[in-house]
Amino acid sequence: MRIGMLTSGGDAPGLNAVIRGAVLVGTTVHGHEFVGFKDGWKGLVENDTLPLSRHEVKGISKLGGTILGTSRTNPFEGRGGVDRINEVMVENGLDALIAIGGEGTLAAAKRLTDAGVKIVGVPKTVDNDLDATDYTFGFDTAVGIATEAMDRLRTTGDAHNRCMVAEVMGRHVGWIALHSGMAAGAHAILIPEQKTSLDQVAAWVKSAYDRGRAPLVVVAEGYTLPEDDEPHSERGLDAFGRPRLGGIGERIAPLIEARTGIETRATTLGHIQRGGTPSAFDRVLATRLGMASINAVNEGEWGRMVALRGTEIVHVPFEEALGTLKTVPQSRYDEAALLFG
Ligand code: F6P
């Protein structure tokens, strides 16, 4: 078979390991050939291809980013659409497509599959918010980077007796905040799933400070202040019309300082969480998902994506992944909150 492959949406550490896993098992075990599309759906719409043989994937699983490039392009906009995508697939002699991406990518893939395009999906997001898979690759790396950054913030906070606020990514879920905050021993973790009041945050901060600790507050970018209806957003909308989040840390730091009288500084970790070398966990997960995507292609499982359930890789329909966001359950928050303050 000839298989097209693209990575779309925000990058996540492990994308290259998926590509390598799929291409290696596809070429050496099954005799398939691959064509890479540059910068996500954009490359497919514009027929912008890259060679993707065993040679191109050597040694790439330890590299961050994606050798194919990515973008947040909607394949139905501009000159895109089902007819154009079918045309490009025919021009390249393709039998199937593997789309590696998050919610936006998989939603587009579902629409295309419903129209007859043969697509298998590989879920990707540092946010870990896709419901049909226990973990997505990139999340473990992001948590590791955020934890290391918080360890550093704690030493400078200690030196100055300051309260340090660390803002992490995660869009509308608090998984990165919960895991990195717990790992770093945060005194408060603010996540979108919980309408925590600033008076409560100030009480936790004061309690830690009064014990001689430099308080660490971890805030997810999607945390919404009780008086707000929407998460803090100051950078407009992305290509799929979703608000770009970020900036809540800088907003709450002076509010915490005003309530507690403790000097407070905010740091937004931003894209650092998505860059650089993937963790060993993410490389293994990504490699397994890449290999499994070839099984799904071999079995003609169009409209399905590979996913992790426990320790097994399974195939699930796109709609299962797209139905609901995987949010932090109340029990996981309550467990972490026992250690706040
Ligand atoms: O979905 C992954 C993510 O990193 C979110 O956590 C974040 O809100 C968003 O992407 C940032 O997107 P961009 O890279 O387009 O600024």
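The values are calculated or read from the model by the stated rules, or taken from the named source; none is laboratory data. Predicted, not measured: the structure shown is a model, and the values here were computed from it. Every residue, glycine among them, receives a Cβ derived from its backbone with ideal geometry; neighbour counts consider all protein chains shown. Ligands, DNA and RNA are excluded from the accessible area calculation, which covers all protein heavy atoms including side chains. Shrake-Rupley method; radii C 1.70, N 1.55, O 1.52, S 1.80 Å.
Restricting to the stretch 1-11, count the residues that are crowded, with 21+ Cβ neighbours inside 10 Å and not in a loop (DSSP other than H, G, I, E, B).
The number of residues fulfilling the criteria is 5.
Working only within the stretch 12-44, note down all residues that are closer than 27 Å to residue 242 by Cα and crowded, with 24+ Cβ neighbours inside 10 Å. Steps first, please.
Going residue by residue through the stretch 12-44, those that are closer than 27 Å to residue 242 by Cα are 12-16, 18, 37-44.
Scanning the stretch 12-44 gives 12, 13, 14, 15, 16, 18, 37, 40, 41, 43, 44.
Counting only residues that are assigned to a strand (DSSP E or B) and modelled with pLDDT under 95, how many does the stretch 216-242 have? Outline the logic, then answer.
Of the residues in the stretch 216-242, the ones assigned to a strand (DSSP E or B) are 216-220, 237.
Pick out the ones that are also modelled with pLDDT under 95 and you get 237.
The total comes to 1.
Report those helices (runs of 4 or more DSSP H) wholly inside the stretch 82-191 carrying at least 1 residues which are at negative phi and within 16 Å of the ligand (Cβ to nearest atom). Steps first, answer last, please.
Values: elements: 82-91, 103-114, 139-160, 175-184.
It comes to 103-114, 139-160, 175-184.
Checking the condition within 16 Å of the ligand (Cβ to nearest atom), assigned by TED's automatic domain parsing to the domain that holds residue 108 and out of contact with any Pro (no Cβ under 8 Å at 6 or more places or on another chain), which residue from 49, 66, 27 passes?
Working: 49 fails: within 16 Å of the ligand (Cβ to nearest atom); 27 fails: within 16 Å of the ligand (Cβ to nearest atom).
When all the criteria are applied, what remains is 66.
Among (1) closer than 30 Å to residue 108 by Cα; (2) in a loop (DSSP other than H, G, I, E, B), which single condition is residue 213 missing?
Of the numbered conditions (1) closer than 30 Å to residue 108 by Cα; (2) in a loop (DSSP other than H, G, I, E, B), the odd one out for residue 213 is (1).
Sort out which residues of the stretch 202-220 are in contact with a helix residue (DSSP H, G or I) (Cβ under 6 Å, 6 or more places away or on another chain) and either within 21 Å of residue 244 (Cα to Cα) or among the hydrophobic types (A, V, I, L, M, F, W, C) (or both), and write them in order of number. Walk me through how you get there before you give the answer.
Let us first name the residues in the stretch 202-220 that are in contact with a helix residue (DSSP H, G or I) (Cβ under 6 Å, 6 or more places away or on another chain), namely 202, 205-206, 214-216, 218-220.
Within the stretch 202-220, 202, 205, 214, 216, 218, 219, 220 meet the criteria.
Every residue in the stretch 130-140 that is under 16 Å from residue 320 (Cα atoms) and open to solvent by less than 10 Å² (accessible area, probe 1.4 Å), please. Write out each step before concluding.
Filtering the stretch 130-140 for residues under 16 Å from residue 320 (Cα atoms) gives 130-136.
Residues satisfying the conditions are 130, 132, 133, 136.
Look at residue 121 and say whether it is assigned by TED's automatic domain parsing to the domain that holds residue 183, touching a residue at least 12 places away in the same chain (Cβ under 8 Å) and either farther than 25 Å from residue 40 by Cα or open to solvent by less than 10 Å² (accessible area, probe 1.4 Å) (or both). Lay out the reasoning, then the answer.
Numbers: assigned by TED's automatic domain parsing to the domain that holds residue 183: no; touching a residue at least 12 places away in the same chain (Cβ under 8 Å): yes; either farther than 25 Å from residue 40 by Cα or open to solvent by less than 10 Å² (accessible area, probe 1.4 Å) (or both): yes.
No.
Does the stretch 243-255 contain any residue that is hydrophobic (A, V, I, L, M, F, W, C) and open to solvent by 40 Å² or more (accessible area, probe 1.4 Å)?
Residues of the stretch 243-255 hydrophobic (A, V, I, L, M, F, W, C): 245, 248, 252-253, 255.
Subsequent filtering for residues that are open to solvent by 40 Å² or more (accessible area, probe 1.4 Å) retains 255.
Yes, that holds for at least one residue.
Any chance you could count how many residues in the stretch 277-316 are open to solvent by less than 40 Å² (accessible area, probe 1.4 Å) and without any contact (Cβ under 8 Å) to a residue 24 or more places away in the chain?
Result for the stretch 277-316: 1.
Conditions tested, residue by residue: (1) within 13 Å of the ligand (Cβ to nearest atom); (2) touching a residue at least 60 places away in the same chain (Cβ under 8 Å); (3) open to solvent by 20 Å² or more (accessible area, probe 1.4 Å).
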position	(1), (2), (3)
208	no, yes, no
221	yes, no, yes
225	no, no, no
231	yes, no, yes
234	yes, no, yes
